[in-house]
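As structure tokens, the structure follows; a few thoughts come after it.
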Amino acid sequence: MPASLRSNRFILIALLPALIVFVLFAVLPILWSIYYGFFQWKGMGDAKFIGLGNYRDMLQDPVFWRALRNNLILVVSAIVGQIPIALAGALLLTANTWFNRLIRSALFMPMVLSTVVIGMIWGYIYNYQFGLLNQALTLIGLESWTQAWLSNPKLNMYAVSIPINWSNIGPYLIIFIAALQNISSEIHDAAAIDGATGWRKLVSVTLPMIWGTVVVTIVLCIAGSLKAFDHVIVMTGGGPAKSTELLATYMYNSTFAVYRYGYGSAVSTMILLISLLLIGINMAVTRRKSS
Amino acid sequence: MKTTIAPPAAGSAGGERSRLRRLIGGGALKLVLLLYAAGTLYPLYWLFISAMKTNEDFFAHPYSLPSEWVFTNISRAWDLGNMGRAMLNSAIVTSVSVALTLLLGTLAAYVLSRFQFRLHKLALGIFVIGMLVPIHSTLVPLFIFMNKIGMLDTYGALILPYTAFELPIAIFIVIAYLSSIPREIEEAALIDGNGWWGVFFRMILPLCKPALATVAILAFLRFWNDFAFALVFINSQALKTLPLSLSLFSDGYGTDYSLTMGAMAIAVLPTIIAYLIFQEQIMKGMTAGAVKG
């Protein structure tokens with residue numbers, strides 16, 4: 001057998017298994033969900049073609065809009081909570097001392113914990129009767145503030161967002177530390193000669209130098225909010241009365257609890273469209289940054 | 001405290017006093033950092049001390065160390081709540097998926113980095129585009145697909161999607177690593193009479209060990225902690241993985257909080273141990289994963 005044929009066969013046999021598994025379980029499902037999204041189907045019997053009916057229902061469902069709004073709350077809470085905390089932490093932890101490494105490791109730790117465990121622990125922290133939060137408030141004399149944090153529809157989305165942000169700070173911290181360490185020492189020297197120190201240096205030298213990174217992290221916050229699912233399912237299940245529903249939990253709850261597979265496929269497609277839109281914006285922003 | 005904001009030593013007159021002030025300021029900042037780190041670790045610490053308490057102790061003194069250390073919560077959770085079974089399921093699903101990801105991922109990465117062929121760009125493009133697919137939007141169609149082919153409620157229902165979604169990251173990590181290895185060594189081995197398979201198994205796999213370690217650790221964390229796939233694709237009690245069993249644990253033992261805490265402690269311990277050993281790789285790898293995926 002000629003060598004080129006032999007290498008062709010090797011290429012085929014080595015590449016195909018990965019390609020087949022990937023296409024079958026990650027790429028084709030997207031096409032199926034687009035297809036099923038046009039049908040009304042209970043999982044058994046015949047599927048009925050209803051065109052854009054599912055999408056019309058979705059846009060008329062107040063719960064869908066509630067879910068979208070809750071995803072937005074997650075984005076905003078990540079941008080005003082995660083990014084400033086991670087940036088401040090990175091500014092203090094830039095140098096590679098053993099102390100700083102220890103603190104970095106501690107702050108990154110929640111990333112490796114099971115999201116189910118994180119959700120359950122925080123469920124206990126927020127618990128009305130024995131929760132740590134209410135006990136702490138009682139201890140410092142703020143008994144009137146104690147309440148059922150996950151049931152109050154005015155507060156529970158914010159309560160849910162705290163553990164999600166808390167557990168995801170690690171990567172942002174590392175991204176900012178890498179960006180800060182990339183600022184060349186000449187720039188620090190120049191700033192020192194110009195007499196820029198402290199806050200002044202932060203605002204007029206350091207922040208502009210890493211602004212591109214800040215933009216990237218904001219985009220990551222937006223994309224990250226679409227991935228939120230586990231914490232909410234565990235802590236509230238999207239309730240009470242759908243008040244903490246997110247797009248992903250809305251997809252789950254409106255498919256598997258009520259056997260509306262066509263509708264669930266349409267919601268899945270919607271999530272895909274929204275995240276592609278965000279990726280498009282992301283690429284436009286980063287391209288402008290680099291040009 | 002050395003930070004990048006602090007100016008290089010001023011060394012001017014009155015330097016003594018400003019140095020003292022900087023020292024105190026630096027100390028205060030260190031304290032703030034320590035407190036924040038302690039706050040981050042506190043829920044975990046609380047989990048472990050609560051797992052060692054009796055229920056009465058848990059309600060009466062939620063903050064303090066156990067007044068009497070009990071280890072029965074963990075052993076009871078293991079027996080009563082089927083945590084042993086769940087641990088075994090998680091171990092099987094995770095290890096098979098990691099092995100499959102490593103094998104398929106490295107093979108594909110080797111081909112994509114060393115060979116030029118007609119559909120090269122297309123194959124690479126599929127993996128790049130696939131990285132953009134939000135995992136949750138595949139739950140419903142995958143459920144329908146697996147239902148049709150009778151795959152729901154099997155180990156395969158988790159192993160194949162896990163592998164599929166980890167493949168792009170695995171492939172790109174290995175391709176990046178292979179690009180730093182000169183091809184001459186392989187060509188010499190090929191002339192020595194090893195076929196492509198021989199080169200792959202005898203040279204490439206051992207050479208890629210550092211990259212494979214990173215891939216394996218990241219994959220382990222992702223598979224071990226996965227909840228969404230298990231929730232949708234697994235129904236039978238005998239196949240439930242740890243996170244899924246835990247989330248349902250409160251249905252049966254909802255008021256036995258110490259027992260539930262014991263079960264949670266069992267679930268997080270393996271990942272904490274992995275983290276303590278492989279911190280640097282995990283921090284770098286997960287950060288890169290967050291940026292790309």
Considering residues of the stretch A:174-206 that are under 22 Å from A:Arg104 (Cα atoms) and aliphatic (A, V, I, L, M) only, the residue farthest from the other protein chains (Cβ to nearest Cβ): A:Ala179
Search result, residues across the stretch B:99-139 that are under 20 Å from B:Arg222 (Cα atoms) and crowded, with 24+ Cβ neighbours inside 10 Å: B:Thr101, B:Leu104, B:Gly105, B:Thr106, B:Phe127, B:His136, B:Ser137, B:Thr138, B:Leu139
Residue within the stretch A:262-278 that is in a loop (DSSP other than H, G, I, E, B) and either surrounded by 19 or more Cβ atoms within 10 Å (Cβ to Cβ) or more than 9 Å from every other protein chain (Cβ to nearest Cβ) (or both) present: no
Cβ pairs under 6 Å, 6+ apart, first in the stretch B:69-88 and more than 18 Å from B:Thr255 (Cα to Cα), second among the charged types (D, E, K, R): B:Ala86/B:Lys240
Selection within the stretch A:21-41 - more than 7 Å from chain B (Cβ to nearest Cβ) and either out of contact with any helix residue (DSSP H, G or I) (no Cβ under 9 Å at 6 or more places or on another chain) or more than 16 Å from B:Leu122 (Cβ to Cβ) (or both): A:Leu24, A:Leu31, A:Ile34, A:Tyr35, A:Gly37, A:Phe38, A:Phe39, A:Gln40, A:Trp41
B:Phe229 vs. criteria part of a helix (DSSP H, G or I) and closer than 18 Å to B:Met286 by Cα: no
Residues that are surrounded by 12 or more Cβ atoms within 10 Å (Cβ to Cβ) and among the small types (Gly, Ala, Ser), drawn from the stretch A:176-206: A:Ala178, A:Ala179, A:Ala190, A:Ala191, A:Ala192, A:Ala196, A:Ser204
2 or more residues over 30 Å from B:Pro270 (Cβ atoms) and at the interface with chain B (Cβ under 7 Å from one of its Cβ atoms): qualifying helices (runs of 4 or more DSSP H) within the stretch A:42-120: A:83-92
Within the stretch A:150-239, helices (runs of 4 or more DSSP H) holding 2 or more residues that are within 12 Å of the chain's Cα centre (by Cα) and either farther than 29 Å from A:Tyr250 by Cβ or modelled with pLDDT under 90 (or both): A:211-227
Matching option when the condition is in a helix (DSSP H, G or I), over 19 Å from A:Leu226 (Cα atoms) and not aliphatic (A, V, I, L, M), among B:Ser137, B:Ser113: B:Ser113
Helices (runs of 4 or more DSSP H) enclosed by the stretch B:154-215 - at least 2 residues per element that are touching a residue at least 40 places away in the same chain (Cβ under 8 Å) and out of contact with any Leu (no Cβ under 8 Å at 6 or more places or on another chain): B:156-178
Every residue from the stretch B:108-132 that is among the β-branched types (Val, Ile, Thr) and touching a helix residue (DSSP H, G or I) at 6+ places or on another chain (Cβ under 6 Å): B:Val111
Scope the stretch A:79-91; condition over 13 Å from A:Gly224 (Cβ atoms) and either buried (at least 21 other Cβ atoms within 10 Å of the Cβ) or among the polar types (S, T, N, Q) (or both); matching residues: A:Leu87, A:Gly89, A:Ala90
Scope the stretch A:242-253; condition assigned to a helix (DSSP H, G or I) and within 10 Å of chain B (Cβ to nearest Cβ); matching residues: A:Leu247, A:Ala248, A:Thr249, A:Met251, A:Tyr252
Any hit, the stretch B:78-93, residues being of a type outside the set (Lys, Arg), out of contact with any strand residue (DSSP E or B) (no Cβ under 7 Å at 6 or more places or on another chain), outside any helix (DSSP H, G or I) and crowded, with 18+ Cβ neighbours inside 10 Å: yes
Unmet requirement for B:Met283, which otherwise passes all of (1) more than 10 Å from chain A (Cβ to nearest Cβ); (2) closer than 17 Å to A:Ser114 by Cα; (3) of a type in the set (A, V, I, L, M); (4) without any contact (Cβ under 8 Å) to a residue 12 or more places away in the chain: (1)
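Condition check ((1) assigned to a helix (DSSP H, G or I); (2) under 30 Å from A:Ala90 (Cβ atoms); (3) within 13 Å of chain A (Cβ to nearest Cβ)) across all residues:
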| residue | (1), (2), (3) |
| --- | --- |
| B:Leu23 | yes, yes, no |
| B:Leu34 | yes, yes, yes |
| B:Ile49 | yes, no, yes |
| B:Val98 | yes, no, no |
| B:Thr101 | yes, no, yes |
Boolean, B:Ala164 is crowded, with 17+ Cβ neighbours inside 10 Å, within 30 Å of B:Gln237 (Cβ to Cβ) and away from chain A (no Cβ under 12 Å): no
All positions within the stretch A:207-241 that are surrounded by fewer than 22 Cβ atoms within 10 Å (Cβ to Cβ), β-branched (Val, Ile, Thr) and within 8 Å of chain B (Cβ to nearest Cβ): A:Val216
Check on A:Ala18, in contact with a Pro (Cβ under 8 Å, 6 or more places away or on another chain) and free of Cβ contacts under 8 Å to residues at least 60 places away in the same chain: no
Members of the stretch A:160-171 found to be over 14 Å from B:Lys284 (Cβ atoms) and of a type outside the set (A, V, I, L, M), listed by number: A:Ser161, A:Pro163, A:Asn165, A:Trp166, A:Ser167, A:Asn168
Members of the stretch A:126-146 that are more than 7 Å from chain B (Cβ to nearest Cβ) and either part of a helix (DSSP H, G or I) or among the basic types (Lys, Arg) (or both): A:Tyr126, A:Leu133, A:Asn134, A:Ala136, A:Leu137, A:Thr138, A:Leu139, A:Glu143, A:Ser144, A:Trp145
Index of the failed condition, A:Val76 passing every other in (1) crowded, with 16+ Cβ neighbours inside 10 Å; (2) within 20 Å of A:Leu247 (Cβ to Cβ): (1)
Matching residues, the stretch A:121-135, being touching a Phe, Trp or Tyr at 6+ places or on another chain (Cβ under 9 Å) and surrounded by 15 or more Cβ atoms within 10 Å (Cβ to Cβ): A:Ile121, A:Trp122, A:Tyr124, A:Ile125, A:Tyr126, A:Asn127, A:Gly131, A:Leu132, A:Leu133, A:Asn134, A:Gln135
Residue count, the stretch B:133-147 (criterion: more than 9 Å from A:Leu272 (Cβ to Cβ), free of Cβ contacts under 8 Å to residues at least 40 places away in the same chain, facing another protein chain (nearest Cβ under 7 Å) and not β-branched (Val, Ile, Thr)): 2
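The values are calculated or read from the model by the stated rules, or taken from the named source; none is laboratory data. All figures in this text were calculated on a predicted structure; none of them were measured in a lab. Here the Cβ is made from the backbone with ideal geometry for all residues, glycine too, and neighbour counts use every protein chain on show.
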